[in-house]
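Here is the structure we will look at.
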Ligand code: BGC
């Protein structure tokens, strides 16, 4: 059997996704544009909530939208699929297409014409709070997955909306930061997924990012939007702003923003009417936006059929099955000492399922990407369903931060005060003068965590007509007026002296002081949850939180907890673990600790490292399952875990799928779509990922250039803990017969790579064969190897499959900034067949006889 992969720029027909196509019965768009008044046109280019504006006079319906990207979020509940990072870990573009198809179907069942996904910003560091939505660190892997996803969505008559264009690689200061990225890195690393989405999948819509890139907001960035996206790549769809990412009507209009979301706060009749009359914005510019919006409707048939289709059940049985496949293929087995896994269901008598992520199931992380599912199968439920005869015990293992917050008691004074925390309100963050007001709170917390979004609220909002929901949303997006700040002060007396973990959950700017010393400075808010270690004696200690700026996302919420090292773990959990044949220990993040609007820390949330250490100390057969949008700091505990699984955010069927994998009913086939650092210092963006000076805009210089992830670690000779492309299986594979031959005449590729993969073990399994290309002579600094092809190959025991994949000019090229185009220099190149970026199985060499160039905008460029 032959397995073939596609090649860069190979345009495919994607049904309604084909640009320029028009659905039957679609109106004549040019005629419609001519029939519209200027005011109607200006109404159309400012949205209304999660929809475009209807123009009843001309029978132009509203086109509705829904987030995206891991499920069709509104109205909830909805099927939650494996998150983007898990999907990327499957290295299976067909699975991406299958999930896309279900998402398109789910969107239709909810009457949405635009799905606000996929999210494709490159994974630069594990801290980015939205990594879970995105597709990993490699542009080739990401582009294959995005193309599949978009083709699936668009096959259902729904437009995908690829986001966030461009340079949104952290949630830290996302609305105020300027991503300073050199042209070559943009072209080689940060733009290719968008480029493939436009050129190959004919994506219908592109969403801006919030940040500035190279000095300009992306809603008004003529170079990247007009020149690159629209002219060079030929994007003919709708470029919409992110929600509240527009800042200037005329600049945005002229920089070719087509649609301001969620409403026309800037691009509206009042601002653009006079601008058109004064010639500051041409009528042709406005007409182009209107034409794009209407043409998209015509292309997908939204004029004839724009209502929810009640015949499509919102509870999606087929979607559940695809969600399960996503979790099965996306989970990555990273460690399996002495073949502890798979567990033998016939022999295991007692399994302890422990940890904060063991129950309830955590399908997705937080923010607009959070999907409230109909059901979410936890590991506890999955394992209990499987082991009907055996004993399955459960303990959360450590208390929730909410409970901890309640257990911590404070006094208003070091001695002789009353119970509680003194809250003082000041006019500004200098905290000078007498407080404007004072009150006492009993707990060090305010508000409730709501990063996951309130399903009821989303449902209510969705049921309202756009004219009503639009203003509510616009209001929510406006930063709350900053009229005052609060200072919370309480005295905490430890029950015993020792090291304590202090944790703060807060989306706003703050400083945390213990005994007047700054312990956490989050004036520029970084992570949604931060922790620090402090050594305290048993006397009263002054704990103070100074609020310095409003929450960046969601409602105001904060919580401070204090816990002494050695007291985290529930003794019952240890007892259960000590009696079990094996422990499945589920740790990681969830919607309130990993979310849009904030970053997260590299370390696991408070108490979890101690949990792993103490549980594995009483039961050596401990299998750690990590839920996270990327790598976490595993070095403090990895030695102790016999097995380690990256489950990412596996979607609503996660617990069921992981159970199949744990017991060998299915085989692991996921591979890392990221490099997993041993220490965060090894990440190539370390040291300049955050910028600490409060200035506007906050400049984030992408100093590592094209050397991100494995590209950077290899050039610096730093070994990752687990390399990009790595993942274990219950079977073994052998590669052979690597050949690199010139491609057939007339083909768009240069070479055809072929090889055999054989399953040499006793179980069926899928391997992911990877092809890396490296330039031997380097006129410009280039990574040692870059992924240019891969194939997921399913094999029965003993079976061999022959794989072929093409390499084209882009597979060899770098972006030549001076020459303004792609350039593959004459000379030698290595072609490596690998099982990961660090594990090369076979190597060939080719020599390009002459330098090949492709100008941007040319086919293939
Ligand atoms: C997010 C987008 C999302 C939009 C609508 C924004 O805050 O950045 O990704 O699609 O909200 O919910």
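Odds and ends about this structure:
- Most tightly packed first, judged by the mean number of other beta-carbon atoms within 10 Å of their residues, the peptides 58-67, 369-378, 746-755 read 369-378, 58-67, 746-755.
- Compared with the alpha-carbon gap, the fully stretched path from residue 413 to residue 715 is longer by 103.2 nm at 0.36 nm per residue.
- Distant alpha-carbon pairs in the chain (separation over 45 angstrom), percent: 26
- For segment 704-861, averaging the sequence separation of C-alpha pairs within contact (under 8 Å, six or more residues apart) and dividing by the residue count gives a relative contact order of 23 percent.
- Label-to-label distance for residue 182 and residue 575 is 6.2 nm, based on points extended 7 Å past Cα in the beta-carbon direction.
- By the helix-only formula, in which each DSSP H run with n ≥ 4 contributes -39500 (n - 2.57) and the sum is divided by residues, the chain has a 222 nm mean residue ellipticity of -6000 deg cm²/dmol.
- For segment 352-449: rounded, prolate or oblate by the Cα gyration tensor [a/c cutoff 1.5]: oblate
- Burial ranking of peptide ranges 380-386, 713-719, 810-816 (average Cβ count within 10 Å, highest at the top): 810-816, 380-386, 713-719
- Cα gyration tensor, segment 579-702 - rounded (a/c under 1.5), prolate or oblate: prolate
- Centre-to-centre separation between the Cα atoms of segment 478-541 and those of segment 76-124: 38 Å.
- Residue order, fewest to most beta carbons within 10 Å, for 570, 337, 506: 337, 570, 506
- Segment 135-275 - percent relative contact order, Cα under 8 Å, separation 6 or more: 22
- FRET efficiency estimate (nearest 0.05) - Cβ-Cβ, residue 686 to residue 270, R0 41 angstrom: 0.30
- Ranked packing of 72-79, 49-56, most packed first, by mean Cβ within 10 Å: 72-79, 49-56
- Within the chain, percent of DSSP bridges classed antiparallel, to nearest 5: 70
- Taking every alpha-carbon pair under 8 Å whose residues sit at least 6 apart, the chain reaches a relative contact order of 16 percent.
- Only beta bridges with both residues in segment 507-664 are counted; by DSSP, about 50 percent of them are antiparallel.
- The antiparallel fraction among DSSP beta bridges confined to segment 157-263 stands at about 20%.
- Global form of segment 273-343, assessed from the alpha-carbon gyration tensor, a/c cut-off 1.5: oblate
- Point-to-point label distance, residue 703-residue 828, nm (Cα→Cβ direction, 7 Å offset): 3.5
Coordinate-derived values only; no laboratory data. Keep in mind that what you see is a predicted model, and the values were worked out from it rather than measured. Positions of Cβ are generated from backbone atoms using ideal geometry, with glycine treated the same way; all protein chains shown enter the neighbour counts.
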